[in-house]
Each structure stands twice: as structure tokens, then as C-alpha cells.
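Shown next, in C-alpha cells, is the structure this report addresses.
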Amino acid sequence: MNKPSKTTPKQYENIIKKSREIHFEMYSQEDLGILLRFLTASKKEAHVLELGTGTGLSLSWILEGLGKKGKVVSVEKEAQYLELANSFFGEDKRLKLVHQDAHLWVNENKDAQFDLIFADTWAGKFTELETVLDMVKPGGFYVIDDLNHQTDWPPGHQDKVILLLEKLKCQTDFYTLPLDMGSGFMVLCRKRS
């Protein structure tokens, strides 16, 4: 993990500290945070969906790039992680934290539309992919990370990632941008009709 810089959100270091206290080590990297803040800020009054809140590290970047009238829905199934994120951001009126499995939330809200979707959990990446891509507005972004091989991946996971990347590259309604930095990112932008 990179050492936090002066450009990190004000809660960044405290979220990392509290995450370590509860043994949560699945941090999103600073490079990804900078990308999420950038993409969020590019949309006036952005409507953002985060699948997999974790303890709120990526959320801190999204909220920092979000305008005063923007909205974020962040979905997390682990209550302990969501409670930690809520302790940092629960007062932010632009944010709705949802305690639910992302798979269920996506299927219950598949008609919703977003300017940016960050899929940081199984649902929205390896399952419900087409449904989640349909939720991206024209000109909107879909972002995933953790695409570069990791030594602690279970057997067969690399094959799933390769298949996912091939599916994403074949999306004719989107422009794709693979970024070989950090854990490996991919950004899709829905074409305007």
C-alpha cells in the first residue's frame, strides 16, 4: 500500500487505521482512488453506485469528487465493514449506505441508472455483469480493479479474470480502457447514442 499523500481524502489514514484494527486488509489502492475521484468529478451532479463498500476507503475518494447535489449508493453485505464506513460518512446526506448482498441489490434495482459504477465485489464483475452494464448511463463509466494476477488467488480465479476481460473488451456499446497500474484496472465508458 502506498504511503498516503497530501492529496488523499481527510479520512483516508483513519479509515486505514480502523480497518487494520478489525483485520480488514482488502484496501483499494491510492491510484484507484485518484481515478475514482477524477471520474466522479467529471460528472455534474453524478449519481454513483459502489458495489462493495468495504470499510469506505474507495468511498472516501468518490465522495471527495462528488458535487454538492451528487448522490452515492454504496452496497455492502458485511455489517462490521458497513458500520465502520458509516462511522466516517453516515452524516453525509449525499450518501445512502445499504446493508445487503450486492447480488440481491442489483437484481432488485436493475432499472436504476448511474453515471459511475465501481464494482468491487463478485456481483457486478463475475455475476450480474450484463445487468450492471445496463445500469450505466450514456457517457457514464464502469470501473473494476484487481485484474492483475495475485499470488493468493485461489486456483482457477485467473481464468475467471481472463474471461471477464474478454467479455468487457467485446462490449460494443462501450469504449474500454485497460490500465496496467496498481492491481490492474479497467474503465468502460458507455457510448452516447
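Yes/no per residue for (1) modelled with pLDDT of 95 or more; (2) under 21 Å from ALA41 (Cβ atoms):
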residue	(1), (2)
HIS103	yes, no
ASN107	yes, no
LEU116	yes, yes
PHE126	yes, no
LEU133	yes, no
ASP145	no, yes
GLN150	no, no
ASP159	no, no
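Note on segment 164-193: residues that are among the aromatic types (Phe, Trp, Tyr) and either modelled with pLDDT of 95 or more or more than 21 Å from THR127 (Cβ to Cβ) (or both) total 2. Among the residues of segment 18-50, those that are out of contact with any Lys or Arg (no Cβ under 8 Å at 6 or more places or on another chain) and buried (at least 20 other Cβ atoms within 10 Å of the Cβ) comprise SER19, SER28, LEU32, GLY33, LEU35, LEU36, ARG37, LEU39, THR40, LYS43, LEU49, GLU50. Only one of the listed residues (LYS77, LYS68, LYS93) is over 29 Å from PRO138 (Cβ atoms) and surrounded by fewer than 23 Cβ atoms within 10 Å (Cβ to Cβ). That residue is LYS77. Going by the conditions given, is VAL98 under 23 Å from LEU147 (Cβ atoms) and either at pLDDT 95 or above or not small (Gly, Ala, Ser) (or both)? So VAL98 does not fit the description; no.
The values are calculated or read from the model by the stated rules, or taken from the named source; none is laboratory data. Keep in mind that this is a model prediction, so the values were computed, not measured. Positions of Cβ are backbone-derived with ideal geometry, glycine not excepted, and every protein chain shown enters the neighbour counts.
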